[in-house]
Amino acid sequence: MNQAQVQLQAARDADAADYAPVDLGFAQNKFQQAQNAMANRKYDDAALLADEARADAELARAKARLGAARASIQNKTNANNRLREQIEQSLADQQQQDQSQNAGLPAQQQTGDMPAPPSSSLSEPIPEGQGFQTMPQNNPPSQPPAHQDDQGGHP
């Protein structure tokens, strides 16, 4: 009976009346039935009813804690949503302010790519002596051919 009474008080302290009123009601009814059984000297019935009252009170307490946690989560979610809306509004205001400041500035001139030369100038041959040199004009003296058995070491 004492354990059932302690659990009932713990359930009440956890706001089970708000979050789990049905389970708290079951626990209280069974506790009263257990008290009546004790008064009628039906100790076995009283013990069973007290145990059921304890179990119902534990369930009510657990549901109350769950309900309180869910309420806390919902409050934080609502606060987060309000903050997001404030941030979005602030960003929109900042963007609008930036646009109004930029409206008074002269437009910046776009720099484009250099246009390609006409195709006729690409097909004309380059006069000799201009452009890149692909082969040297003077050939250096030829080196003696490497020996077949030379493996890159010293002679």
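The values are calculated or read from the model by the stated rules, or taken from the named source; none is laboratory data. In this text, all values refer to a predicted model and were calculated from it rather than measured experimentally. Every residue, glycine among them, receives a Cβ derived from its backbone with ideal geometry; neighbour counts consider all protein chains shown. Accessible surface is based on the protein model in full, side chains and every heavy atom, while ligands, DNA and RNA are left aside. Shrake-Rupley method; radii C 1.70, N 1.55, O 1.52, S 1.80 Å.
Extending 7 Å from Cα along the Cβ direction at Asp44 and again at Ala92 yields two label points whose distance is 7.3 nm. Think of a 1.4 Å ball rolled over the protein heavy atoms: the range 1-76 then has 66 Å² of accessible area per residue.
Taking label positions 7 Å along the Cα-Cβ direction at both Gln99 and Gln5, the computed distance is 7.2 nm, reported to one decimal.
When each of the peptides 53-66, 72-85, 24-37 is scored by the mean number of other C-beta atoms lying within 10 Å of its residues, the order from highest to lowest reads 53-66, 24-37, 72-85. Listed by chain and number, the lysines whose alpha-carbon sits under 24 Å from that of Lys76, ignoring those within fewer than 8 places in the same chain, are Lys63. Cross-link partners for Lys42 among the lysines, with Cα-Cα distance under 28 Å and sequence neighbours closer than 8 places in the same chain left out: Lys30.
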